[in-house]
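Worksheet: the structure to be examined is printed underneath.
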Amino acid sequence: MSLKKEQIIENNKNILISQDFAFKDILAPVISDLKVLSSYFLSKEIFDDAEIKNQFRYFADIKKVYDQIRFIDNNGDEKIRINYFPEGSEIVNENDLQNKKDRYYFSESINLDKNSVYVSKIDLNMENGVIEKPLKPMIRFSEPVYNNKGEKLGVIVLNYYAEEFLKIFSNISNLNSGENYILNAQSYWILGPKDYEWGFMYEDKKEINFKNFFPEEWEYIKENKTGYIITDNGLFSFKLFDFNFEMADNKEKIVCDENSLIFISYVKINTENNYINVSGLAGYLKIIFLKYYFNFIYTFIFSVFAAFILARRKIITEKMMYFAQYDGFTDVYNRRTGMEILKKDIISAYKNKKDISLNFIDINYLKKINDSFGHESGDELILTVVNTVKSNLEKNDYIIRLGGDEFAVVFINKRADYAESNWNKVINDIEKINTEEKRLYNISVSHGISEFIGKEGITADDLIKEADSKMYYEKNIIKKASRKDV
């Protein structure tokens, strides 16, 4: 069975374009993800290690494509590492964190300027100098992190699990009539004959690369980047995929590590006039498919793929909108969003002559519980307090997480006496938990209440500061009483 050479070339060209489109659509959001994670450091006056760890873990669970999320300080020491697992991400214990100053992705990214992103070559993940098994193909995206004073704190590193786009490449490649390869810039197979893949990662495979097998073809591909070549070895259709592609937001400067990939469609052929012979049942079926139905099927597959990408993007966008407004760990408003809502509520209360009261809550002994019983106990403590407060709230009232162990409970159209009464209910529930549940610690919480009663010029910050001051007064009393909470 035979097919015109021009038809195969055109088919392969369309498939390579589809693969290029798919990769860009998948990888472009990673740059945005770096910005989101970096913003947690920029928006904080004090580095809150515990809170950011929980935010990173929640982020990993939402995205599901990052094998690791890390914050590495200026000395190359990992300060935060999140390992993703389908059943739930984990925060790596401090004792298991490593120094990465000698790893290429750290040295390349730590010296970057603001608004610059480093994109590594694709390789296999290594732990303590050993290739991790099962194999995990990775692309590392990283950028410097700054605090609100403009001081560089280190770098954020996202280990993007590249298996996803390799699978998409393979699925699209099934429309092709030949073999389909991905090569790196040095001509090593990323995807191809199984025994030849990842040759650059192994000492005994350093000579196994496309250049050594097909030197003439490789020279042509390097010079032309996109097109096709027919030699005695067959038909090679190819397209360069450059990670330094144009982003929708051109503010970011992408710095690449010679990490361009080359997509190749390879057909072994015997030419007769202007036709290509493909033997075997599989080849026969592919020829029939390509010759008569390609345009329809390609359009259908492309439409389905595009719909999948749009649906996936919509889900992620909705989750990211939630993530931008809420604290992922406690499911209450984060500081930025909560303060904006409080400011609007104060303006509305002044115009409509309504009242607002605010209860500033601080969880006592959190650090001591973390140090004594581990961060799981500390997380349990935070969630217990927040859920207890939630269970006593009415519909229009809400909670803001101001910091790691500090929360503001806002009561709309209610005076301070109501807030105090509500707090007594919360304390009764907490005491019940302390009495009935056999925990390693007792729950202890301090509070302070302020109120807005229509006075012009009172701001959200004023309410927070007043309630905060009262909370610290109560906290000192609790400490002096020497309660045995732990």
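The values are calculated or read from the model by the stated rules, or taken from the named source; none is laboratory data. Remember, predicted model here, so these are calculated numbers, not experimental data. Cβ sites come from the backbone with ideal geometry, for glycine too, and all protein chains shown count toward neighbours.
Of all the numbered requirements in (1) modelled with pLDDT under 90; (2) more than 15 Å from Tyr333 (Cβ to Cβ); (3) in contact with a strand residue (DSSP E or B) (Cβ under 7 Å, 6 or more places away or on another chain), Asn396 misses one, and that requirement is (2).
If we keep just the residues of the range 320-352 that are part of a helix (DSSP H, G or I) and modelled with pLDDT under 80, which is farthest from Ile62 (Cα to Cα)? Explain how you work it out, then say what you get.
As a first pass, look at the range 320-352 and keep what is part of a helix (DSSP H, G or I): 320-325, 335-352.
Retained after the next criterion (residues that are modelled with pLDDT under 80): 320-325.
Numbers: Met320: 8, Met321: 12, Tyr322: 11, Phe323: 9, Ala324: 12, Gln325: 14 Å.
The extreme case among them is Gln325.
For the range 458-469, which residues satisfy the criterion of being modelled with pLDDT of 90 or more and buried (at least 17 other Cβ atoms within 10 Å of the Cβ)? Residues satisfying the conditions are Ala460, Leu463, Ile464, Glu466, Ala467, Asp468. Checking each residue in the range 353-375 for being acidic (Asp, Glu) and assigned to a loop (DSSP other than H, G, I, E, B) picks out only Asp355.
Highlighted here would be helices (runs of 4 or more DSSP H) found entirely within the range 121-233 that include at least 1 residues which are at pLDDT below 85, over 33 Å from the mean Cα position of the chain (by Cα) and surrounded by 19 or more Cβ atoms within 10 Å (Cβ to Cβ), but there are none.
The requirement of being closer than 25 Å to Val119 by Cα, surrounded by 16 or more Cβ atoms within 10 Å (Cβ to Cβ), touching a Gly at 6+ places or on another chain (Cβ under 9 Å) and at pLDDT 70 or above is fulfilled somewhere in the range 79-93, by at least one residue.
Is it the case that the range 352-373 has a residue that's under 28 Å from Val92 (Cα atoms), touching a strand residue (DSSP E or B) at 6+ places or on another chain (Cβ under 7 Å) and free of Cβ contacts under 8 Å to residues at least 60 places away in the same chain?
So in the range 352-373, the residues under 28 Å from Val92 (Cα atoms) come out as 362-373.
Checking the rest, the ones that are also touching a strand residue (DSSP E or B) at 6+ places or on another chain (Cβ under 7 Å) come to 362-364.
Remaining after also requiring free of Cβ contacts under 8 Å to residues at least 60 places away in the same chain: none.
The answer is no; no qualifying residue exists.
Checking each residue of the range 425-434 against the condition of being closer than 23 Å to Gly454 by Cα and either at pLDDT below 95 or over 29 Å from the mean Cα position of the chain (by Cα) (or both) gives no match. Considering the conditions (1) crowded, with 17+ Cβ neighbours inside 10 Å; (2) touching a helix residue (DSSP H, G or I) at 6+ places or on another chain (Cβ under 7 Å); (3) within 30 Å of Glu340 (Cβ to Cβ), Asn442 is excluded by exactly one of them, (3). Each residue in the range 71-98 was checked for being more than 16 Å from the chain's Cα centre (by Cα) and assigned to a loop (DSSP other than H, G, I, E, B), and 8 pass.
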